[in-house]
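The values are calculated or read from the model by the stated rules, or taken from the named source; none is laboratory data. Just so you know, these numbers come straight off a predicted model, no measurement behind them. No Cβ is skipped: glycine too gets one built from the backbone with ideal geometry, and neighbour counts run over all protein chains shown.
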Amino acid sequence: MQVKTFTGASSQEILARIKAEMGPEAVIIGNRTFKKNGEICHEITAGIDRNPISAQQPVSGGPGEGMMPSGWSEWHKDWLQIKEQLFALMKPAIQMERLTPRQRVALEYLQREGVSDSVAVDLYKHLLAQPGSSVLECLCDMVPVRGWSAGNWPQRWHLLAGPYGSGKTTAALRYALQWKQWEPEARIAFINADCLRGNGRLVLRHWAELSDFLYLEASDASGMEKALRACREAAIVFIDTPGMSRACTLRDWRTQMGLGKLDCASHLTLTPLWGGVQMDQFLSTYAPDGAASLIWTHLDEAACYGGIVNVARATNLPVSGLSCGAELKKSMVPATEPLIWRLIFKRQLPGELAGGNTAVSPSGARA
Ligand SMILES: Nc1nc2c(ncn2[C@@H]2O[C@H](COP(=O)(O)OP(=O)(O)OP(=O)(O)O)[C@@H](O)[C@H]2O)c(=O)[nH]1
Ligand SMILES: [Mg+2]
């Protein structure tokens with residue numbers, strides 16, 4: 001959802017601007033009238049649902065633009081529920097008899113595995129629009145994949161973000177250890193921006209020392225500034241972040257830490273253990289920051305994996321990693337399409353394939 005606040009001398013003029021700029025589908029979220037320098041001003045906040053969360057551009061411009069109005073999250077939650085109900089109403093419009101038996105079986109299976117009604121309707125429309133195509137072909141268009149590799153992720157700065165306990169620190173270490181295998185000479189640095197709490201800090205510090213990574217801590221903007229400078233020589237830098245409270249989005253936090261303009265790839269650690277409303281809440285906190293990829297963690301603890309398709313559809317973000325164990329080593333593999341589809345359709349964990357066909361070269365090519 002893109003939100004923008006417009007001000008002007010009359011409501012009519014503002015409404016015309018909203019329509020011209022955001023289109024006829026924009027909805028009015030709030031309005032107020034106030035006096036500025038003795039003149040009456042009108043202010044209207046409008047929103048439009050531009051499908052993928054990640055496609056939202058950070059809103060630039062005057063102060064207040066892009067800020068969520070008060071009560072926004074409640075409104076957003078209601079809107080998502082209404083949307084889901086609308087899709088539930090549309091679901092009977094899925095005429096299974098128009099699909100081939102294989103397509104039908106696959107669609108029914110996905111629905112049982114937790115794929116949302118909106119995604120099911122989407123998939124059905126894709127299948128009808130491309131007669132003869134397989135469900136997997138359509139799903140590949142809907143779930144982008146860009147596995148962790150030097151070729152796929154040449155950025156120097158990588159930020160790991162996600163809810164508390166979702167696996168940020170372990171994912172960062174695993175990505176760094178994989179990088180070290182590919183480029184043993186590369187100088188790898190870690191900035192721990194979650195250094196005020198004990199547990200993860202000790203683990204990270206321990207492994208950084210063992211693996212000869214440069215280890216720095218930054219609990220505020222000035223600490224971060226120093227840490228960024230100290231990483232001058234590093235070929236690749238991982239920034240480990242704390243979980244966000246409900247009042248603070250990842251974008252707010254980056255701004256507070258002076259990272260607003262840092263050109264880094266943000267990888268979000270998520271687990272399929274969270275259901276629809278909870279996942280939507282997390283996505284609204286972490287994804288609109290221009291996130292680069294999703295890392296699915298705690299896969300070994302999940303009962304079904306349809307949520308992976310729902311999140312891909314909602315964010316349009318590629319999956320970069322799959323984690324299926326608490327151990328630091330051999331529990332994470334770079335994502336590939338076959339691994340994801342085996343996970344969703346056969347509940348086969350990537351770890352069970354490790355050592356064979358999951359090996360990925362630094363360029364991202366399958367070995
Ligand atoms: N079973 C299982 N455990 C995992 C997985 N990934 C991480 N863990 C474990 O989950 C716990 C939390 O992982 P962390 O990497 O510390 O998560 P975090 O997001 O950094 O946590 P905070 O820093 O506390 O917010 C640790 O005990 C990890 O070993 C996974 O894929 N499966
Ligand atoms: Mg951590």
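Brief remarks on what is shown
- Condition met for Leu216 (away from ligand 1 (no atom under 16 Å from the Cβ), more than 15 Å from Tyr175 (Cα to Cα) and in contact (Cβ under 8 Å) with a residue 12 or more places away in the chain): yes
- Residue match in region 160-173 (condition: assigned to a loop (DSSP other than H, G, I, E, B) and more than 16 Å from ligand 2 (Cβ to nearest atom)): no
- Filtered residues of region 154-169 (kept if surrounded by fewer than 21 Cβ atoms within 10 Å (Cβ to Cβ), within 13 Å of ligand 1 (Cβ to nearest atom) and hydrophobic (A, V, I, L, M, F, W, C)): none
- Which listed residue, of Trp253, Trp207, is within 16 Å of ligand 1 (Cβ to nearest atom), without any contact (Cβ under 8 Å) to a residue 40 or more places away in the chain and assigned to a helix (DSSP H, G or I): Trp253
- Of the residues making up region 221-248, those that are in a loop (DSSP other than H, G, I, E, B), out of contact with any Lys or Arg (no Cβ under 7 Å at 6 or more places or on another chain) and within 16 Å of ligand 1 (Cβ to nearest atom) number 6.
- Residue in region 136-145 that is away from ligand 2 (no atom under 16 Å from the Cβ) and β-branched (Val, Ile, Thr) present: yes
- Identity of the residue in region 170-195, among the aliphatic types (A, V, I, L, M) and over 23 Å from the mean Cα position of the chain (by Cα), that ends up surrounded by the most Cβ atoms within 10 Å (Cβ to Cβ): Ala189
- Cβ pairs under 7 Å, 6+ apart, first in region 96-107 and under 14 Å from Leu136 (Cβ atoms), second not hydrophobic (A, V, I, L, M, F, W, C): Leu107/Tyr124
- From the options Gly151, Gly114, residue that is surrounded by fewer than 17 Cβ atoms within 10 Å (Cβ to Cβ), away from ligand 2 (no atom under 16 Å from the Cβ) and not assigned by TED's automatic domain parsing to the domain that holds Phe345: Gly151
- Counted residues, region 231-242 - those being surrounded by fewer than 19 Cβ atoms within 10 Å (Cβ to Cβ) and in contact (Cβ under 8 Å) with a residue 24 or more places away in the chain: 3
- Within region 179-195, the set of residues being within 16 Å of ligand 1 (Cβ to nearest atom) and without any contact (Cβ under 8 Å) to a residue 40 or more places away in the chain comprises Cys195 only.
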